[in-house]
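The values are calculated or read from the model by the stated rules, or taken from the named source; none is laboratory data. Nothing here was measured: the structure is a model prediction, and the numbers come from that model. Reconstructed Cβ throughout: ideal geometry from the backbone, glycine too, with neighbour counts over all protein chains shown. Ligands, DNA and RNA are excluded from the accessible area calculation, which covers all protein heavy atoms including side chains. Shrake-Rupley method; radii C 1.70, N 1.55, O 1.52, S 1.80 Å.
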Amino acid sequence: MQKEWFAEWFNTEYYHILYQDRNEEEANRFISNLISFISIPNNSKLLDLACGKGRHSKILNSFSYDVLGVDLSENSILEAIKETTATLRFDTHDMRKVIPKLKFAAVFNLFTSFGYFDSPEDNQKVCSSVSEMLNSKGKFVIDFMNADKVIRNLVHSEEKIIDGITFKLERRFDGKHVFKEIHFSDKGQNFHFTERVQALNLQNFQALLSANFRILETFGSFDLAPFSVANSDRLIIIAELKS
Ligand SMILES: C[S@@+](CC[C@H](N)C(=O)[O-])C[C@H]1O[C@@H](n2cnc3c(N)ncnc32)[C@H](O)[C@@H]1O
């Protein structure tokens, strides 16, 4: 059976090459802002769901939390576990499933790590799994693209040269998903991957979360500016488990 696109693409070295210019200073500031806002006691257990190589897990851990980072990509987790300590752990895990026997004060799903699945029920599975892994009044933080703005400003065609590789990027919107076609050649081989993210807006998240969560706040940037459909780059949702 063919692997789902996100299981394949995110597990390649090329995904990390293409996105290597992520802003670590910005990530630090974002986590610091989030921690101040949700004010969780030190030493609480936190889950970084779809952690990649664990960049946010490490920052969360530096704020004196006990952090588990999980991701579907074995290669990313192999990289992340090099940083393992007594209070910072990593494991491979599919976010549609519950991690047995573990409960967290907060679960973080950051940098548009949602909306990849073929079936809409899988989105619901993620939300209900998260609800089962949270302590009473636990927080679920989702940081997603502001789909409306992304669609309005879609850069249809672009070329990026990184580490000597020319990535040809083509983006389109089919009414439901934002597609990014990624073409490049390396070591004499041609590659083609497709990223496909559901264009979920605030109303879609409200519907998804309503069964188990109440939304406490929404923000539109890593500096936690108010969310505006017209202007925000991000859609950041802070939700709390219903009692
Ligand atoms: C855009 S990246 C963001 C990674 C990380 N949060 C960061 O900010 O660097 C999305 C991540 O979601 C992971 N992912 C995709 N589907 C997943 C699934 N079903 N379960 C867990 N992780 C998944 C990918 O492997 C990838 O690491």
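Per-structure values
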| read-out | value |
| --- | --- |
| Inter-label distance for Arg152 and Lys101, nm, one decimal - labels placed 7 Å from Cα along Cα-to-Cβ | 5.0 nm |
| Å² of accessible area per residue within the chain, as computed with a 1.4 Å probe and no ligands counted | 49 Å² |
| Cα centre as origin, Lys/Arg/Asp/Glu Cβ charges: the stretch 79-227 dipole, Debye | 420 debye |
| Heavy-atom accessible surface of the chain: percent carbon and sulfur, 1.4 Å | 49 percent |
| Using a Förster distance of 22 Å, the FRET efficiency for Arg29-Leu216 (Cβ separation, nearest 0.05) | 0.60 |
| For the stretch 136-177, alpha-carbon Rg and Dmax in angstrom | 16.0, 50 |
| Magnitude of the charge dipole, the stretch 165-223, Cβ model with Lys/Arg +1 and Asp/Glu -1, debye to 20 | 160 debye |
| Rounded FRET efficiency, nearest 0.05, which uses the C-beta distance separating Asp91 from Phe179 and R0 of 35 Å | 0.70 |
| Rough spin-label spacing in nm, given labels placed 7 Å along Cα→Cβ, for Gln203 and Arg172 | 2.6 nm |
| Where only alpha carbons of the stretch 180-243 are counted, the Rg and the Dmax (Å) | 17.6, 57 |
| Alpha carbon Rg of the stretch 49-115, scaled by the compact-globule rule 2.2 N^0.38 Å | 1.01 |
| Percentage relative contact order, the chain, counting C-alpha pairs under 8 Å, at least six apart | 17 percent |
| Principal-axis tilt of helix 24-38 within the chain, Cα atoms, nearest 10 degrees | 30 degrees |
| Viscosity 0.692 mPa s, 37 °C: Kirkwood-radius Stokes-Einstein D of the stretch 12-139 over Cα pairs, µm²/s | 219 µm²/s |
| Ellipsoid equivalent to the stretch 10-65 - semi-axes via the Cα gyration tensor, in Å | 24, 13, 8 |
| Estimated FRET transfer efficiency (Asn43, Ile161; beta-carbon r; R0 41 Å; 0.05) | 0.35 |
| Above-threshold pairs, the threshold being 22 Å between Cα atoms, out of Lys103/Lys125; Lys3/Lys180; Lys3/Lys101; Lys101/Lys139; Lys45/Lys101; Lys97/Lys176 | Lys3/Lys101; Lys97/Lys176 |
| Antiparallel bridges, percent of DSSP beta bridges restricted to the chain (to nearest 5) | 65 percent |
| Orientation-averaged projected area, Cα convex hull of the chain (nm²) | 13.5 nm² |
| For the stretch 121-212: rounded, prolate or oblate by the Cα gyration tensor [a/c cutoff 1.5] | prolate |
| Cα-based helix-to-principal-axis angle, 120-132 vs the chain, degrees rounded to 10 | 30 degrees |
| Lysines with Cα under 21 Å of Lys187, excluding same-chain neighbours fewer than 8 positions away | Lys160, Lys168 |
| Near-label residues of the stretch 41-70 by backbone N, under 20 Å of a point 7 Å along Cα→Cβ of Thr84 | 45-62, 65-70 |
